[in-house]
Amino acid sequence: MGQKKLVILGGGESGVGTALLAKAKGLDLFLSDGGSLQPKYRQLLEQQGIPFEEGQHSEDQILGAGEVVKSPGIPDNAPLVSKLYQKGIPVVSEIEFASRYTSAKLIAITGSNGKTTTTLLTYHLLRSAGLSVGLAGNIGESFAKQVMDQPYEYYVLELSSFQLDNMYRFRANIAVLLNITPDHLDRYGYNFQSYVDAKFRIVQNQTSEDDFIYYAGSEPIRAELAKGALPARQWPIHLEDHPSQGGCLRNDTLKVTSHGQVFEQSLAELPLPGTHNAINAMAAILVAQSVGLTPDQIRDGLRSFQNAPHRLETIATFEGVRYVNDSKATNVDSVFYALGSFDQPLILIAGGVDKGNDYQQIAELVRTKVKGFIALGKDNTKLTRYFAPLVPQFFATDSIHEAVEKARSWSQAGDVVLLSPACASFDLFRNYEDRGEQFKTAVHRLIGT
């Protein structure tokens, strides 16, 4: 890169982390954010004397870069990014940039659904066993900042397709691919294969010394693997078949076999409900076996794990009715898993910004399990048209409090009220966390706590 400047587009957690690492490495750099920086990030940049701008993108500065680190939230077809590509200026992600400065073992986890839970569980298993491990990527503190501040021996990285898009030389020592279902297709020209290709970047650069863990029940993963051999050791996870190596579910018991270790545990003893979480747990256990954890260490870690907020999180039980916050379920596949996690009658609260959803996947589950459907959004037309004929009771609103009150009026002891939206949150809320927190507040107000 010579003396040419490093330009960072986006001043959020990943952008500012990149800037701090670049400054520590003596690089000439400039950060540009088209919006407003959060005060804590502005203060960090000022303290470190890092040149930056906000509220605009100065093209003369940016197009003179030797390399650009782009926030994953900025699409590749943004006009400014297109100009960078036209000029042949390399555009990379924070993960790609930071990986150059660490010799740690890198555990990379992706999938359309379940990646946050699997990442948190994997991190917890390794950390509770006493390993030196960091948590980064699409979760937690910036990877780049951790590489600068606290060089761990392992990093568990949750990676979105957007991050993978701008990764080229990054090598995962252990790669986990949980599933691929249509999501974010607006970013991929509504071409599903382009999205599959993005997810499969997680195995690029892997060698025969590396591990690739994947769910064999995902048809797009199987189809892609059939196109050619990968050099990494492969560890499939099955729910139906019973392979000699990898993970499987047999008689409601997980059996995970790899690296000369066998681990077994009943599904009922897992800290997370549902068969989809059996897949997530087996992936985490395979990682744990790969880095040398014993069955006892894995068992202890599973016992002490607590899932993150907004993922099938029980808020309260009131009048015999359980209220569950699954606000992180922003696509149809996530809701499919959520509905499959309960045997009790359900009152489902769903809706928001529809990302071109195909609801066919959950139609039968809604018909058989949902006694009441509450559409929560500014425009509930599509949900009303699709689901109102499938359920005994249907209600549409743009108020979270009204949704919770309606759910209470429909429910009786033994029911579950489930917020599992299938949609993005931006019509009524700042993000899925805000939606989940407002749901919790509405439930607590309802029950007087």
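No lab work stands behind these numbers, since they all come straight from the coordinates. Because the structure is predicted, anything quoted here is derived from the model rather than measured. Using ideal geometry, Cβ is built from the backbone for each residue, glycine included, and neighbour counts are taken over all protein chains shown.
Using alpha carbon centroids, what distance separates region 168-236 and region 296-328, in Å?
29
With all distinct Cα pairs included, what does the Kirkwood hydrodynamic radius of region 84-128 come out to in Å, to one decimal, could you say? Walk me through the intermediate numbers first.
On the way: mean 1/r = 0.0756 Å⁻¹.
With all distinct Cα pairs of region 84-128 included, I get 13.2 Å.
Two decimals is fine: what's Rg over Rh for region 313-447, C-alpha atoms, Kirkwood radius as Rh? Present the calculation step by step, with values, prior to reporting the outcome.
Values: Rg = 13.0 Å, Rh = 14.2 Å.
We get a ratio of 0.91 for region 313-447.
So what's the back-of-envelope 222 nm ellipticity for the chain, counting only DSSP H runs of four-plus at -39500 (n - 2.57) apiece and dividing by all residues, rounded to 500? Numbers along the way, then the final one.
Values: 17 runs with 158 residues, N = 449.
Per the formula, -10000 deg cm²/dmol.
Tell me the volume per residue, in Å³, of the convex hull enclosing the alpha carbons of region 194-298.
Details: hull volume 11.6 nm³, N = 105.
Per residue, the Cα convex hull of region 194-298 comes to 111 Å³.
So what's the net charge close to V91: Lys and Arg +1, Asp and Glu -1, counting the other residues with Cβ under 10 Å from its Cβ?
On the way: positive: K70; negative: E67, D76, E96, D165.
Around V91, the surrounding residues sum to -3.
Would you please give the FRET efficiency between T441 and S58, computed as 1/(1 + (r/R0)^6) with r the Cβ-Cβ distance and R0 = 51 Å, to the nearest 0.05? It would help to have the intermediate numbers written out before the result.
Values: r = 42 Å, r/R0 = 0.82.
About 0.75, to the nearest 0.05.
I want the antiparallel fraction of DSSP beta bridges within region 286-398, as a percent rounded to 5. Could you put the intermediate results ahead of the total?
Details: 5 of 15 bridges.
If I count the DSSP bridges inside region 286-398, around 35 percent turn out antiparallel.
Kindly flag which residue pairs out of K4/K115; K87/K199; K227/K328 have an alpha-carbon separation exceeding 31 Å in this structure.
K4/K115; K227/K328
Taking H placed 1.01 Å from N in the peptide plane, check which residues at least 5 places from A396 or on another chain put their amide H under 5 Å from its amide H.
A375
For region 231-349, report the convex hull volume of the alpha-carbon atoms normalised per residue, in Å³, without decimals.
On the way: hull volume 16.4 nm³, N = 119.
It is 138 Å³ per residue.
Provide the descending list of Cα extents for region 1-116 along its principal axes, expressed in whole angstroms.
40, 34, 31
Arrange I107, I400 by Cβ neighbour counts within 10 Å, fewest through most, would you?
Ordered from fewest to most neighbouring Cβ atoms within 10 Å, I107, I400 come out as I400, I107.
Taking amide H positions as placed in the peptide plane 1.01 Å from N, state which residues far from A316 in sequence (5 or more) or on other chains have amide H under 5 Å from it.
Result for A316 returns Y323.
Using the Karplus curve 6.51 cos²θ - 1.76 cosθ + 1.60 with θ = phi - 60°, what ³J(HN,Hα) values do you get for each residue of region 194-199, in whole Hz, with x for Gly and Pro?
Rounded to whole hertz, the list is 5, 5, 4, 4, 4, 5.
Sum up the charges of everything whose Cβ sits under 11 Å from the Cβ of R250, counting Lys and Arg as +1 and Asp and Glu as -1, but leave R250 out.
Numbers: positive: K255; negative: E240, D241, D252, E264.
After counting each charged neighbour, the total is -3.
If you wrap a convex hull around the alpha carbons of region 96-303, what volume per residue comes out, as a whole number of Å³?
Values: hull volume 23.8 nm³, N = 208.
Hull volume normalised by residue count: 115 Å³.
Which ordering of V417, V443 is given by a fewest-first count of other beta-carbon atoms within 10 Å? Before the final figure, lay out the partial values.
Details: V417 28, V443 23.
Ordered from fewest to most neighbouring Cβ atoms within 10 Å, V417, V443 come out as V443, V417.
For the residue pair Q43 and D197, what label-to-label distance in nm results when each label sits 7 Å from Cα along the Cα-to-beta-carbon direction?
If labels sit at Q43 and D197, their model points lie 4.4 nm apart.
Can you pull the one-decimal nm distance between simple spin-label points at Q86 and Q245, each 7 Å off the Cα toward Cβ?
Result: 5.0 nm between the two label points.
Read phi for every residue in region 228-234 and hand back ³J(HN,Hα) as whole Hz from Karplus 6.51 cos²θ - 1.76 cosθ + 1.60, θ = phi - 60°, with x for Gly and Pro.
Values per residue, Gly and Pro as x: x, 6, 9, x, 5, 5, 9 Hz.
Please give the Cα centre distance for region 35-60 versus region 109-130, rounded to the nearest Å.
32
Tally Lys/Arg at +1 and Asp/Glu at -1 over every other residue whose Cβ is under 10 Å from the Cβ of K328; what's the total? Could the numbers behind the result be given before it?
Numbers: positive: R311, R435; negative: E313, D326, E433.
Residues close to K328 contribute a combined charge of -1.
Just to check I understand the Karplus step: with θ = phi - 60° and J = 6.51 cos²θ - 1.76 cosθ + 1.60, what whole-Hz values come out for region 32-37, glycine and proline as x?
10, 10, x, x, 9, 6
With the Cα gyration tensor of region 333-381 in hand, convert its eigenvalues to equivalent ellipsoid semi-axes via √(5λ) and list them largest first in whole Å. Can you show the working numbers first?
Details: eigenvalues 70, 33, 16 Å².
Equivalent-ellipsoid dimensions as semi-axes: 19, 13, 9 Å.
For the chain, what is the largest minus smallest coordinate of the Cα atoms on each principal axis, given in angstrom and ordered from greatest to least?
Rounded to whole Å, the extents work out to 68, 53, 43 Å.
Computed over the Cα atoms, what is the radius of gyration of region 258-303 divided by 2.2 N^0.38 Å, N being its residue count?
Numbers: Rg = 10.1 Å, N = 46, 2.2 N^0.38 = 9.4 Å.
Normalised by 2.2 N^0.38 Å, the Cα Rg of region 258-303 equals 1.07.
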